[in-house]
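Working notes, structure below.
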Amino acid sequence: MIIRCLKLIRHRITYRTFLSSVTFIFSILIIKAQNTDTELWTGFSIDFPIIDNFSIEPGEQFRFNNEISQLKSAITDISLKYKFSKYFKVSTTYRLYVRPELPNHALYLSGYFNYDIEPVELKYKLTYKKKFKEDNKTHSIITEEHIRNKITVEYEAAKWLKPFIAYELFYIINYKRGDRFDNYRFYLGCNFKINKDNEIQLYYMREEEINMKKPKRSNIIGLFYNIDSWF
């Protein structure tokens, strides 16, 4: 009986701490959210197991900007994923950006680290990204490389409901003006589990350039449907 009471108290304290932290951070972002664009990112992905611990996942995504009034880009992803254990996984992704002007391409290599401290799950994602884009004037290919670090804290409020907060920091490398941090993203959202493999993800994201003279800022609403047996 005493053990049950202690677990219940810990659960409530954890939930209140999580909720208070989210409310505080979200309030700061609202104060800073002036002179920004509002975007909508939406799409889906489907995971197809091939052999044990190995799968392929195609996905499609649409991004709207200018106060969600026009299509910014349509994105097609093809990912290969391998699960070493429940704590560590890797993936590689080819991405095609179809834009109103010129198509761009990107390659990703990611490592995922997960650790559970019930009812909280900690996630860390390390990504190397190389993007290939065509210059509108010279029509030459320009490459852009980033190292991305993303930390996520997810709270299991119920079996079907998992609110989360996340922070992602971008570091550009091999840049002509010098390597530097140039972008960050803050996420606040929920994962809604329909069943074991089907999930709807809804989030608010604040994206902002840093170390720039005229940094771009965006408030982004994300809505995605995922069929994934990997996690």
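The table below gives the values:
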item	result
Spacing of the two label points (7 Å from each Cα toward its C-beta) at K137 and I46, in nm	4.4 nm
Net charge of Cβ neighbours under 12 Å - reference Q201; Lys, Arg +1; Asp, Glu -1	-1
Gain on full stretching of the segment that runs from E60 to K213 - 0.36 nm per residue minus C-alpha separation	51.8 nm
Ascending count of other beta-carbon atoms within 10 Å, so fewest first, for W160, W41	W160, W41
Unsatisfied cross-links (Cα-Cα over 19 Å) in the set K89/K133; K125/K193; K133/K213; K130/K150; K86/K129; K129/K162	K89/K133; K125/K193; K133/K213; K86/K129; K129/K162
Net charge of neighbours whose Cβ lies under 9 Å from the Cβ of R63, counting Lys and Arg as +1 and Asp and Glu as -1	0
Whole-Å distance, taken between Cα centres, linking the range 76-94 and the range 124-142	21 Å
Charge dipole magnitude, Cβ of K and R +1, D and E -1 - the range 137-231, Cα centre, debye nearest 20	400 debye
Neighbour-count order for I142, I227, fewest beta carbons within 10 angstrom listed first	I142, I227
Computed label-point distance, nm, for sites L202 and I227 using a 7 Å Cα→Cβ extension	2.2 nm
Cut-off under 5 Å, modelled amide H: who pairs with I68 long-range	T38, L40
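A short reminder: the numbers here are calculations on the coordinates, not readings from a lab. It should be emphasised that the depicted structure is a prediction, and the values quoted were computed from it without experimental measurement. Every residue, glycine among them, receives a Cβ derived from its backbone with ideal geometry; neighbour counts consider all protein chains shown.
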